[in-house]
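Worksheet: one structure, shown below.
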Amino acid sequence: LVYGSWREGPKLMELLYDLDDIPLFIKKGSIIPQVSLDRSTIGNAEKEYHHMVLNVFSNGEDESSAKVYQDDGLTLEYTKYSPKRRPHFIVAELSTTNELVTLSVDLGLKSKLKHLTVKFLDTNPPASIRLVIDGTDFSLPFSSFVESTQNFAAWTYSSHELGVVATIPFESFIPQHVEISFMPRSTYVVGYPGMKGRIKRARNAKALLDEVRQTPASNVPGPAMLIKLASTTPVCLETFADPLEPNSAELFEECITNFSNYRKGALEEVKHFSCMTVGKTRLSMVKELLSV
């Protein structure tokens, strides 16, 4: 996965990255757990983590699983996974059938989790998400914003990660099994290869022009293609991910379709800039960010 683009391998690739980027290549179908640790918890097994994020990378064709141990701070049981010792583990399993994406999470009997966040990355938003907790079926509501501290379950769409983010708090009890399933609207992977990285680069290009007050349509005349690329597109993606928004599916696809035109238009905007007003080095950086 390169800036939101899937690459077939094995092969040798030469790729350009910003200085603040860390190249990260992820195998399709991976489930990568992530916990938030502060200095007081590192190396201290008795202080269990209470919030976990499962990052799911799938192209709608893969089945995979991931195991995360729960250290009780007293024994080495967590190192010896087997069906008998399953209570010491969180087990996440991903399956896809006819584009229906299902993530099953077995929390075991030793879990101390109070909050679970699941991110289905590089996917289009669904019409709905089904949540099953210990056999009880729910329809997960859409929210324009979710955070790990909220006390209600919901899902949203992140333009920053181009993915579905579902958050599930466990208030009064910790369930043993959670299942999330949905079918993405339209094609599974977001329709424009490298869209995630190009939005990021457009934001960086706009920030460089903002510093010298030369952003088209904001500080100087212009058709605002760079602004649409860096700002309008992310807002549209998040707004039209809402299944209750009128014509949301068509408008979401329109955002993706317009993205290519915005990118070409933004590059044309800056081609006519003068080095005297922007600076030779700055102008070169802006053009490079928009052309990659």
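Odds and ends about this structure:
- Accessible area per residue was computed with a 1.4 Å probe on protein heavy atoms; E161 scores about 40 Å².
- Centre-to-centre separation between the Cα atoms of the stretch 13-34 and those of the stretch 209-257: 26 Å.
- Area of F273 that stays accessible when all protein chains are in place (1.4 Å probe, Å², to 10): 40
- Counting only protein heavy atoms and using a 1.4 Å probe, the accessible area of C275 comes to about 70 Å².
- Accessible area in the full protein assembly, largest first, 1.4 Å probe, for M225, M276: M276, M225
- Accessible area in the full protein assembly, largest first, 1.4 Å probe, for W155, W6: W6, W155
- Accessible area per residue (1.4 Å probe, heavy atoms of protein chains only) ranks H51, H272, H160 as H272, H160, H51, with the largest value leading.
- Listed pairs K228/K271; K28/K119; K11/K271; K28/K112 exceeding 26 Å between Cα atoms: K11/K271; K28/K112
The values are calculated or read from the model by the stated rules, or taken from the named source; none is laboratory data. Remember, it's a predicted structure, so these values are computed and weren't measured experimentally. Note: accessible area is taken over every heavy atom of the protein model, side chains too, but ligands, DNA and RNA are not part of it. Shrake-Rupley method; radii C 1.70, N 1.55, O 1.52, S 1.80 Å.
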